[in-house]
Structure formats: structure tokens, C-alpha cells
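Scroll down for the structure; my scribbles are underneath it.
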Amino acid sequence: MDQATHNKIVSFIWGIADDVLRDLFRRGKYPDVILPMCVIRRMDAVLEPTKLAVLATRRMLDDARITEQRAALCAAAGQAFYNASKFTLRDLKSRGSQQQLLADFEDYLNGFSPNVQDILENFKFRNQLQTLSRSDSLATLINKFLDPGIDFSPAGIDNHSMGTVFEELVRKFNEENNEEAGEHWTPRDAVRLMANLVFLPIESEIRSGTYLLYDCACGTGGMLTVGEETLTAIAARRGQQVRSLLYGQEINPETYAVCKADMLLKGEGESAEHIVGGAEWSTLAHDAFPAQEFDFMLANPPYGKSWKKDLEAMGGKDGMRDPRFKVMHDGEELSLVTRSSDGQMLFLANMASKMNNKSALGSRIAEVHNGSSLFTGDAGQGESNIRRWLIENDWLEAIVALPLNLFYNTGIATYIWVLSNRKPAHRQGQVQLIDASQWFKPLRKNLGKKNCELSPDDIERISQTFLDFRETPESKIFANDAFGYWKVTIERPLRLHSQLALKTIATLRFASGDEELRAALYDEFGDGLFTDFAKLAATLEPRLANWGADEDESGEGAAGDESDNSGAAGARKGLPENRKKKLLDARTWARDSRLFEVATLLRSALGDRLFADHNVFRDRVDAALRKAGVKLPAPDLKQILKAVSWRAEDAPPVIAKTHKPGKAKADPLRGLCEASVDGKPAVVEYEPDADLRDTEQVPFLEDGGIETFVRREVLPYTPDAWIKAAATRVGYEISFTRHFYKAQPLRTLEEISADILAIKKEAEGLLDGLLKTPQP
């Protein structure tokens with residue numbers, strides 16, 4: 001089909017939308033009618049020559065009471081679909097009433113095979129029929145599509161050309177409705193670049209055979225189509241015969257219907273069966289191809305979009321068992337589960353889990369992400385673990401920074417990640433970063449936020465830069481380790497002063513929490529809370545249930561609230577159930593009373609003098625408790641010590657553990673310090689101070705590793721610090737900004753002075769003009 005015929009058909013169908021649907025539907029709803037009607041008209045024309053054979057086969061199967069009829073009817077139709085209704089579209093042209101036309105048209109639709117029914121259902125096409133019928137537009141719509149000037153039969157337009165027409169309509173509708181287009185439609189220029197990055201590096205290795213292409217967020221199927229076209233063109237140039245099977249998954253019903261319909265219209269019935277979608281088919285929570293491996297994968301997943309619903313359906317972070325997102329790596333289990341607010345990197349992990357490990361070519365992946373995938377996620381968290389998994393397996397070939405405003409619905413920075421599990425030898429152990437953000441052609445008219453495109457020359461330039469694999473101002477090559485780091489936890493010792501003062505001891509009466517509330521209750525009910533709680537419980541429960549009512553009535557509790565909503569006022573009364581339950585637990589009051597009594601006992605034994613060394617104070621407390629025959633659970637003793645102690649920079653470090661002589665070797669950098677205990681030398685570990693805890697990022701490429709870094713960057717400023725080795729985590733991040741930053745030279749003083757003088761002169765001229773007296 002030549003370009004003129006293509007344009008004529010597209011313009012004809014586009015014109016139907018304006019002629020029939022204007023004022024009936026918003027422009028954004030036009031594709032909900034036109035696209036399914038386009039599918040129906042094409043299928044009707046394709047099936048027309050075999051219509052009688054299908055009806056005869058249907059009668060024969062019904063007479064034989066055979067219920068599974070699909071295969072036989074498809075065979076009779078000679079297609080991957082059929083229509084067993086007694087009607088064709090032409091039969092519906094002459095109907096006396098809209099009611100009869102609507103009934104017959106619905107009967108006609110019901111005659112389609114299940115795969116077409118799936119398309120119509122996800123298009124929600126039947127939802128539009130009442131509007132079309134009541135406005136007397138259904139007959140007009142059908143007659144327009146039956147116009148003899150446009151031949152929809154295979155004789156007039158072959159399958160490939162029909163697919164091209166359908167894709168052009170989808171593109172035009174998406175551009176017309178560009179505020180939503182980017183959610184399901186990736187610009188063709190970006191897709192062609194992605195296809196080049198996937199196929200060109202292995203162009204010479206393509207052999208005749210069948211290849212599987214996959215898109216885990218396939219939208220309308222554009223990436224699969226361009227991928228197939230690129231692979232077919234490469235094979236043709238090399239004299240190879242290839243067959244592509246397309247697989248895709250899409251959660252949005254309408255775009256899934258577009259994708260599946262496109263496959264059927266192009267005569268790719270087998271690929272159409274591999275397109276799975278609809279509202280229940282989330283790629284993350286419900287993988288449609290759990291055991292399948294693919295040769296080539298392309299995707300533009302949603303980014304910055306919450307996947308909390310999927311996470312809950314998968315059992316939450318702790319209950320997650322999906323092997324795509326819980327992987328064994330280097331002898332440890334890595335969780336690839338990201339923050340629930342953004343699941344984009346999980347799509348990349350999903351595709352990486354489906355790489356073909358058996359074939360010589362392996363698998364190649366191109367996937368679009370925004371900038372957050374480069375650096376979000378702390379060491380040990382899901383996003384960082386995904387980067388670690390990909391890079392340490394040496395799958396990441398390159399990341400390409402795209403121009404801003406290249407996509408329809410976002411102006412933010414976007415990047416193409418290129419992966420392969422069969423890296424060529426010259427790329428192994430390395431990652432290429434390409435800054436293509438300045439290689440673009442401006443559009444004459446914006447399409448949503450898209451104000452530029454990648455011209456064929458731009459695509460060629462980026463592709464060649466990738467293939468050349470050389471250092472240039474726009475291409476940087478790094479060892480894999482350049483992106484890795486250790487997140488090291490730095491501890492410092494806790495230093496405390498202690499004193500058994502009356503004021504600090506008094507706080508132990510309310511040590512179980514809600515100190516202010518417990519103090520208020522103590523003022524109201526007195527020591528009975530500790531000595532005879534059961535007697536007060538009946539009074540205390542309603543008091544807590546109406547806590548705050550007095551303030552509401554006096555207006556104090558509602559200060560600043562001008563609302564007279566009685567429901568809101570009622571909500572302010574009382575306490576949350578969990579707090580109330582704890583306050584009504586007699587054991588908490590008894591425990592607090594016990595803590596207060598023991599602390600008072602200790603004050604009697606040790607006095608209220610200040611202990612500058614908490615280690616000495618702790619020993620004295622232990623001795624006093626033994627002497628008094630008092631045994632306290634460790635948490636209770638810890639609560640007392642905490643209540644009567646405070647941080648002091650000049651205090652000796654608090655010893656947490658003393659090692660027996662000869663059992664441990666001093667290593668201050670790792671928290672094993674030499675000290676004198678009871679006048680004898682010993683190796684001790686100090687209690688860490690959580691408020692002084694810090695972390696450092698140590699690059700993998702740091703000469704001498706963690707120890708050298710800490711000795712140079714930490715110990716000169718905090719000599720008592722040590723490394724908490726068990727808390728060290730591995731992280732990966734990629735900073736495009738740092739690697740491609742170009743410093744702008746500062747302006748000279750002469751240039752700045754000249755600008756200031758020019759502005760001053762201009763201002764003086766304006767002022768003279770304002771003050772100048774006009775001549776009479």
C-alpha cells in the first residue's frame with residue numbers, strides 16, 4: 001500500500017469521528033468508538049468470503065451437540081477469529097427502527113469468537129451503544145464504515161498495511177488527547193532508539209529461527225511492533241528468515257484491547273493469544289508468564305506510581321515470596337522489594353528474571369526509567385539491591401540520558417537502561433553512560449509536554465555512540481565497581497553522669513508512658529492508683545472514656561476551632577483505645593510503683609551525690625540491690641538507670657562488655673578497646689550512643705577500603721569512634737550529574753561592572769524622562 005492510500009484511509013476514518021461523534025462524546029472518548037468499529041469493520045471484511053462456511057460448520061457442530069467449537073470455526077473461517085452470527089455489517093444497513101438495529105447489532109457482536117469478545121469487552125464498546133442508538137447515530141456510523149470508496153478487505157489492504165493504519169489512528173488519537181497519552185503511549189522516536197540499542201549490537205549474530213519479544217507494560221503494543229519490524233529488517237538485510245512471537249501484559253483495559261486488536265488485524269493470531277491484560281492483570285502481582293524466558297525485551301513502565309495495592313496482594317514486604325523479587329545473590333538472599341510509592345524498578349527486575357540463559361545470544365533488554373531509578377533507595381533497600389543485582393551480575397551495558405520533554409506527559413529527565421546477559425568481551429565488567437540530553441530536534445508544535453523529538457540523525461548518532469564504546473565528552477565508561485559503595489555505621493561511646501535526685505526519681509512513677517496524662521491522673525486519684533487500683537478502676541474507666549470533655553465544655557479544648565460540628569467535638573472526647581487499655585492495666589501502675597520504691601531505696605543507700613563515671617554508679621547500684629536482697633528484671637533496672645542519668649561529654653565511656661583475658665585482641669577501629677577494669681588491663685566494648693551514631697559512604701574504589709577511609713576521614717575528628725562491622729551494607733547508585741557536570745566559568749569583575757553601569761545609565765535615563773517637565 002502506497003503512502004497516498006494509507007493517508008486516504010486514515011483521513012477517512014478520522015473524518016468519521018468528527019462527522020458522527022461530535023457533540024455526542026468528548027474528543028477524548030472518540031477512540032472508544034472509532035477503534036473498536038475499525039476492528040469490527042476489518043474483521044467483517046476479512047470473514048465475509050467464509051461466512052457461509054462458518055454458519056454451516058456451526059449448524060453441523062450444534063446438531064452433533066459439540067460444545068467446544070472454537071478450533072473448528074476458526075478453521076472454517078481460515079483466521080484466528082470468527083463470527084458465527086447470521087448477520088454481516090452489510091445486513092444491518094436497512095433496518096426500520098433504531099431498536100431493531102441495536103438488537104441486531106448486539107446479536108452480530110455476540111457472534112464473534114472469544115478473543116474478539118475480549119477486545120470488545122475491554123474497549124467497553126457495548127457501553128457506547130445506547131448513546132449511539134438514542135441519538136440515531138448507530139446506523140450512520142455503520143454506513144460510514146461501509147462506504148464503497150474504502151475497501152477494508154484483504155484485497156484492498158493487506159494485514160500489515162491494516163495494522164499500520166490502525167497504529168496511525170492510535171497515534172493520532174493519543175496525540176489529540178496528549179495529556180493522557182504518555183501513560184500508555186511511548187513516542188515512536190524513543191521506541192526506535194530503544195529497538196536500535198537492543199538489536200544493532202547483535203546484528204551480525206542474528207540467525208534464521210524464532211525469537212520471543214516481551215513487553216511487561218505493553219500499552220498499545222508499539223514497542224513490540226517496532227521491535228518486530230527492526231528484527232525483521234535486520235534479518236532481511238542479512239538474508240535470514242526470522243519469526244517473531246510477541247508477548248505482552250497490560251493492566252489498562254482499553255490499551256490492552258488496542259494492542260490485542262492490532263495483533264489480530266496484522267494477521268498475528270498466535271501473538272494475539274500471548275497478549276494478556278485487563279484490570280486484573282497487574283504485571284507485579286499477577287505475572288502472566290511466570291516460567292517463560294524471552295530473547296528481546298522492551299518496556300516503558302509506569303514511574304512514580306504507587307504499587308501499594310499490589311504489595312498487599314503479594315503478602316507485604318515480609319510475606320513476599322515471589323522469586324522475581326526475592327533472589328539469591330552471592331550466597332545471600334536479596335530483597336528487591338522497593339518503596340510502595342514507586343514500583344518502576346520492579347518491572348526491570350521482572351524482565352531481568354526472564355532472561356534467556358540457554359541461547360548463544362542470551363537476552364537483551366531496553367527499558368525507560370526516570371532519574372530516581374539511578375539513586376533512590378539506601379544501601380540494602382530494594383532499589384539499591386536491584387542496581388547491585390544487575391551490576392554485580394554484569395548485566396548492565398549502558399544507560400542513555402534522553403532529552404527533556406521527549407515524552408507526552410512528563411518533562412522530567414528520562415533514561416534508557418540497556419541490559420544483556422551475554423556482554424561482549426570488550427564490555428565485560430564495565431558500564432557505559434551516554435549523555436544524549438542535547439541531541440534532539442525541536443517540534444514546531446508541542447504535543448502535551450513533548451516539545452522535541454529524536455530525528456533519524458539523532459537516533460543514528462546515539463546508536464553509533466553506543467556501538468563505538470569509546471570515551472567522549474558525551475560517553476563515559478566506568479568499571480562496575482565505580483557505582484558501588486559500603487554504607488558504614490560509625491559508633492561513638494555513650495558517656496553518662498548519674499545522680500539519684502528526687503526530681504528524676506519522681507518521674508519513675510509514670511515510666512510506662514503517657515507521663516503527662518499519668519501525672520494528671522495521679523493528681524486526681526493519688527496513691528490509690530499504685531496501692532489499690534482495683535478499687536479505682538470502675539471510676540477511672542468512664543473518666544478516661546470522657547477525657548477532654550471538661551475542656552470542650554469550657555471552650556479550652558476547642559481553642560481556635562470555629563466549627564460547630566458536634567461530630568468533631570465528640571471525636572475529641574476520650575482517648576484512643578490502645579492508650580486507654582494501657583492506662584487501665586493495673587500491672588503498669590504496679591511496675592511504676594515498684595521502680596519508684598527501688599529508686600528511693602537506692603537513694604537511701606547511695607545518697608544523692610553526682611557520679612561522674614556511670615560504670616562506678618552502675619556497680620554501686622548492683623551492690624546496693626544485692627545487699628538489700630532486691631532482684632529486678634534487666635529492663636526495669638535499665639529504666640531506673642536511664643531515668644537518673646544524662647549525657648556528658650567529659651564522662652568516661654560506659655562499658656557494655658568486658659572480655660576475659662586472652663579471649664579478645666584489642667582493635668579500637670572495630671570497637672574492641674583497651675581499658676583498666678578493677679585496676680587490671682582488659683579489652684572492653686563500649687555502649688554506643690545512638691544520638692552520636694553516624695554513617696559514611698565508602699566507595700568500592702577507595703584505596704585501602706573502609707579502614708583507610710575511616711582513619712583519614714573520621715578518626716582525626718572523633719578519635720573514640722569505631723566501625724560497627726555487622727551493620728555494614730552494600731549499596732549502588734549512579735550519578736549522571738556528577739559524571740557529566742560541566743562547570744560554568746564565573747564572570748569577570750569587568751563584565752559584572754559593565755552590566756551594573758549599563759543598568760545604572762538606563763535607570764537614570766528613565767528617571768530623567770519621568771521628571772522632565774512637558775513644554776506648554
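How many residues, within region 455-478, are of a type in the set (S, T, N, Q) and part of a helix (DSSP H, G or I)?
Within region 455-478, residues that are of a type in the set (S, T, N, Q) and part of a helix (DSSP H, G or I) number 3.
Residues that are within 42 Å of the chain's Cα centre (by Cα) and open to solvent by less than 50 Å² (accessible area, probe 1.4 Å): does region 50-68 have at least one?
The answer is no, given that none of the residues of region 50-68 is within 42 Å of the chain's Cα centre (by Cα) and open to solvent by less than 50 Å² (accessible area, probe 1.4 Å).
Which residue is nearest to PRO290 (Cα to Cα), if the candidates are limited to region 317-352 and must be at pLDDT below 95, over 15 Å from the mean Cα position of the chain (by Cα) and assigned to a helix (DSSP H, G or I)?
Checking each candidate, the answer is GLY319.
In region 422-448, which residue that is in a loop (DSSP other than H, G, I, E, B) and touching a residue at least 60 places away in the same chain (Cβ under 8 Å) is least open to solvent (accessible area, probe 1.4 Å)?
Applying the first criterion (in a loop (DSSP other than H, G, I, E, B)) to region 422-448 yields 422-424, 428-429, 436-440, 448.
Add one more test, that the residue is touching a residue at least 60 places away in the same chain (Cβ under 8 Å), and what stays is 422, 424, 448.
Numbers: ARG422: 90, PRO424: 50, GLY448: 34 Å².
Out of the qualifying residues, it is GLY448.
Kindly provide the set of residues from region 490-507 that are surrounded by fewer than 20 Cβ atoms within 10 Å (Cβ to Cβ) and either on the phi > 0 side of the Ramachandran plot or more than 49 Å from the chain's Cα centre (by Cα) (or both), ordered by number.
GLN499, ALA501, LEU502, LYS503, ALA506
Tell me, which residue of region 144-158 that is open to solvent by 60 Å² or more (accessible area, probe 1.4 Å) and farther than 12 Å from ILE13 by Cβ is nearest to the chain's Cα centre (by Cα)?
Step by step, filter region 144-158, then rank; the result is ASP158.
Mind checking which residues of region 69-108 are in a loop (DSSP other than H, G, I, E, B) and more than 27 Å from LYS266 (Cβ to Cβ)?
Listed by number, the residues that qualify are LYS86, LYS93, SER94, ARG95, GLY96, SER97.
So, in region 40-68, exactly how many residues are closer than 24 Å to ALA272 by Cα, part of a loop (DSSP other than H, G, I, E, B) and of a type outside the set (Val, Ile, Thr)?
Residues that pass the stated criteria total 1.
Look at region 191-220 and say how many of its residues are in contact with a Gly (Cβ under 6 Å, 6 or more places away or on another chain) and at pLDDT below 95.
Residues flagged as in contact with a Gly (Cβ under 6 Å, 6 or more places away or on another chain) and at pLDDT below 95 within region 191-220 amount to 2.
Given the conditions (1) crowded, with 19+ Cβ neighbours inside 10 Å; (2) part of a loop (DSSP other than H, G, I, E, B); (3) modelled with pLDDT under 90, and given that GLY513 satisfies all but one, which numbered condition is not satisfied?
(1)
So, PHE740, is that one among the aromatic types (Phe, Trp, Tyr) and touching a helix residue (DSSP H, G or I) at 6+ places or on another chain (Cβ under 9 Å) or not?
No; evaluated as a whole, the condition is false for this residue.
Test of understanding: among LEU231, LEU298, LEU212, LEU264, which residue is buried (at least 24 other Cβ atoms within 10 Å of the Cβ), in contact (Cβ under 8 Å) with a residue 40 or more places away in the chain and within 30 Å of ASP468 (Cβ to Cβ)?
LEU298
How about region 377-419: which of its residues are polar (S, T, N, Q), closer than 23 Å to GLU332 by Cβ and surrounded by fewer than 20 Cβ atoms within 10 Å (Cβ to Cβ)?
Listed by number, the residues that qualify are GLN381, ASN393.
List the residue pairs whose Cβ atoms are under 8 Å apart, where the first residue sits in region 598-623 and is over 19 Å from ILE655 (Cα atoms), the second is open to solvent by 50 Å² or more (accessible area, probe 1.4 Å) and assigned to a loop (DSSP other than H, G, I, E, B), and the two are 6 or more positions apart or on different chains.
ASP608/GLN499; ARG609/GLN499
Under 7 Å between Cβ atoms, which residue pairs at least 6 apart in sequence (or on different chains) link something in region 149-162 that is more than 15 Å from GLU48 (Cα to Cα) with a partner that is of a type in the set (Gly, Ala, Ser) and open to solvent by 30 Å² or more (accessible area, probe 1.4 Å)?
So the pair list comes out as ASN159/GLY267.
Taking the conditions exactly as written (part of a helix (DSSP H, G or I), open to solvent by 20 Å² or more (accessible area, probe 1.4 Å) and modelled with pLDDT of 90 or more), does ASN174 satisfy them or not?
no
Provide a single number: the residues in region 138-171 that are of a type in the set (D, E, K, R) and modelled with pLDDT under 80.
2
Regarding region 700-707, can at least one residue be identified that is hydrophobic (A, V, I, L, M, F, W, C), out of contact with any helix residue (DSSP H, G or I) (no Cβ under 8 Å at 6 or more places or on another chain), surrounded by 13 or more Cβ atoms within 10 Å (Cβ to Cβ) and at pLDDT 95 or above?
yes
Any residue in region 365-392 that's part of a loop (DSSP other than H, G, I, E, B): show its pairings with residues that are open to solvent by less than 10 Å² (accessible area, probe 1.4 Å) and at pLDDT 95 or above at Cβ separation under 6 Å, as long as the two are six or more apart or on different chains.
THR376/GLU383; GLY377/GLU383; GLY377/SER384; ALA379/GLY731
Can you tell me which of (1) farther than 26 Å from LYS317 by Cβ; (2) over 19 Å from the mean Cα position of the chain (by Cα); (3) of a type outside the set (Gly, Ala, Ser) is the one ASN393 doesn't meet?
Evaluating ASN393 over (1) farther than 26 Å from LYS317 by Cβ; (2) over 19 Å from the mean Cα position of the chain (by Cα); (3) of a type outside the set (Gly, Ala, Ser) leaves (1) as the failure.
Among the residues in region 571-589, are any at pLDDT 90 or above, touching a helix residue (DSSP H, G or I) at 6+ places or on another chain (Cβ under 8 Å) and within 30 Å of ALA623 (Cβ to Cβ)?
Checked against the condition, which is being at pLDDT 90 or above, touching a helix residue (DSSP H, G or I) at 6+ places or on another chain (Cβ under 8 Å) and within 30 Å of ALA623 (Cβ to Cβ), region 571-589 yields at least one hit.
For GLN117, state whether it is under 42 Å from the mean Cα position of the chain (by Cα) and part of a loop (DSSP other than H, G, I, E, B).
It is false that GLN117 is under 42 Å from the mean Cα position of the chain (by Cα) and part of a loop (DSSP other than H, G, I, E, B).
Okay, residues lined up against (1) closer than 30 Å to ALA725 by Cβ; (2) buried (at least 17 other Cβ atoms within 10 Å of the Cβ):
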position	(1), (2)
THR588	no, yes
THR600	no, no
ALA605	no, no
LYS627	no, no
ALA634	yes, no
ALA643	no, yes
GLU649	yes, no
PRO668	yes, no
SER676	yes, no
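Find the residue count for region 651-664, including only residues that are farther than 21 Å from ALA727 by Cβ, modelled with pLDDT of 90 or more and either β-branched (Val, Ile, Thr) or surrounded by fewer than 16 Cβ atoms within 10 Å (Cβ to Cβ) (or both).
1
Taking the conditions exactly as written (closer than 17 Å to ASN350 by Cα, in a strand (DSSP E or B) and among the aliphatic types (A, V, I, L, M)), does LEU212 satisfy them or not?
yes
The values are calculated or read from the model by the stated rules, or taken from the named source; none is laboratory data. Computed from a predicted model, the values in this text were never measured in an experiment. When we count neighbours, we look across all protein chains shown, and the Cβ atoms used for this are built from the backbone with ideal geometry, even at glycine. Ligands, DNA and RNA are excluded from the accessible area calculation, which covers all protein heavy atoms including side chains. Shrake-Rupley method; radii C 1.70, N 1.55, O 1.52, S 1.80 Å.
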